[in-house]
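These notes concern the structure reproduced below.
Read the figures in this text as sums done on the coordinates, not as results from a lab. Quick caveat, the model's predicted, so the values are computed rather than measured. Here Cβ is always computed from backbone atoms with ideal geometry, including for glycine, and neighbour counts include all displayed protein chains.
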């Protein structure tokens, strides 16, 4: 932010919303607001109150180096000392959540640190004096004061699962919002320039970026996460000259400080119910309130029962499928989190425990640390086998046989088959009869496949032929689509697959595949793929096999940020799906990403496989290989899968294969 004190010195205030740590602090108090008292305020300190503005304590943590930046997690309060008195440089300080154990020099050597941000792996800060972004490990080691360079008087820093954001021109110079990948690559100093005027604080939720404009009209701006749809005056934060400074998100509310008006404001995230003086006065002196932050709490999910399954959350964070998966996430105060259960194929979801109940999705409000138990139970095993019975009806006669063997009806019309198996039935009429179709668990007039998920009953209908004629039947055996026609007319299969022809006559058969399919060949008295002529010296059955055209081509594969993109050419309508897996050190493979895309016809399309939360965290700290399986399932046909291996992560921010 760009604010001037009575001495003419430009100062900053910035805030953060909180991201996940593993365990909630034992002494966490529900519903707290935190802010920094800077410049004119005495003493220079971090203040705290209840979320409703009561119980104000302006001396919660002393920070004598001018605490411009502030970030609160479920365990610690982080703050910046803009000018540390013993060295002339700035520091990053840290204290316990109850205010004890303050370490003013947790990280040293910063230059005008104006803001600080903490994620699962790193601490980031904005060096306004050296135009850079610094980064260190969570324990304060591995300090890099120039992790990102080329910023312009930046006084705010923020990150999400994909990008780092900062505000340029907070003190002086051109104003903009900058963005880079989490590994520091892909720096774009002018990611957003419209609607930005001396940005003091930048925060984000799962949908939008918000920032305070500390020069010009006193407003809070909003934009989509991709930088579009910028609304410069989304919220009018106070009277002219009030100078909005710090900014925080808590559930459905935004909180902000006004540097000159010495207030805390509040509004809903949709821009309604604006209260510029929610707390007034706030700091011990006007020109004192800086950054603001709120509590956040840990949501923990555990799995119980004899079965297996996965629990996911919205907003993202929880993707819990057992030991080693992402079963804890930290959310800002008052956030509503919806949990959804997904049992494995051999399991059923039995219900919630803890902060949830029932068997549907569950929504919890994070006004304290919450624990939820999801119970998945194994489904009972199915019976070992089921009975398949066949009966013949009609004026004619014939035989029904099965594959695998067991049914030969005529004589053997009942047989048990393994549960879950498939049985193919073939009807063969006698020379004086025609097969007119199936009933019961089968339909049509070709071969019939029955899945033995339960006891099944099938009826075969045979009709007597007129004297001097034989039946010609077409059996469609393929998984594709097509039509068989006859000359002379009578067969049009598709629909009419059985016809009687005069004894001794010749019938010419022609196969025409449907779009997206091809003709694979004849069976029975015909062979090859050309038209076939059958002599009706007896009853004849000809099989025609149409197969789906499921051949597709992968043009390229690219890993970018938190997603893998694949350019694919398909021959016809259908659905593309992708599943990427990665190997753990134990050798066990887990899901890294999923994607899907429907196509309405022959086309070249790009399918996106988005990394899940655990894969994104792994990518931030290193690189790994993803085994990417791309499957095309043509409409009415069989799927086909191609496999590629792609390296993603910090070491390979862009990969093509």
Within region 287-316, whose backbone N sits under 19 Å from a point 7 Å along Cα→Cβ of residue 368? 295-302
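What ranking do 60-68, 558-566 get when scored by the average of other Cβ atoms within 10 Å per residue, highest first?
Working: 60-68: 23.9, 558-566: 20.4.
Those peptides, ordered most packed to least, come out 60-68, 558-566.
From the helices alone, meaning DSSP H stretches of at least four residues, give me the mean residue ellipticity at 222 nm for the chain, per-run term -39500 (n - 2.57), in deg cm²/dmol to the nearest 500.
On the way: 1 runs with 9 residues, N = 657.
Mean residue ellipticity at 222 nm (helix-derived): -500 deg cm²/dmol.
Sorting check: for 597-604, 107-114, which peptide has the highest mean count of neighbouring beta carbons within 10 Å, and how do the rest follow? Could you put the intermediate results ahead of the total?
Values: 597-604: 13.4, 107-114: 24.2.
Descending packing order for the listed peptides: 107-114, 597-604.
For the chain, what is the percent of antiparallel DSSP beta bridges, rounded to the nearest 5?
Working: 200 of 218 bridges.
Percentage antiparallel, nearest 5: 90.
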What percentage of all Cα-Cα pairs in region 239-351 are separated by more than 23 Å? 48 percent
In whole Å, largest first, what are the principal axis extents of the Cα atoms in the chain? 115, 47, 46
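Could you sort 230-239, 127-136, 387-396 so that the peptide with the highest average Cβ count within 10 Å comes first and the rest follow in order? Provide the component values of the computation, followed by the final result.
On the way: 230-239: 19.4, 127-136: 22.7, 387-396: 17.3.
Top of the packing list down: 127-136, 230-239, 387-396.
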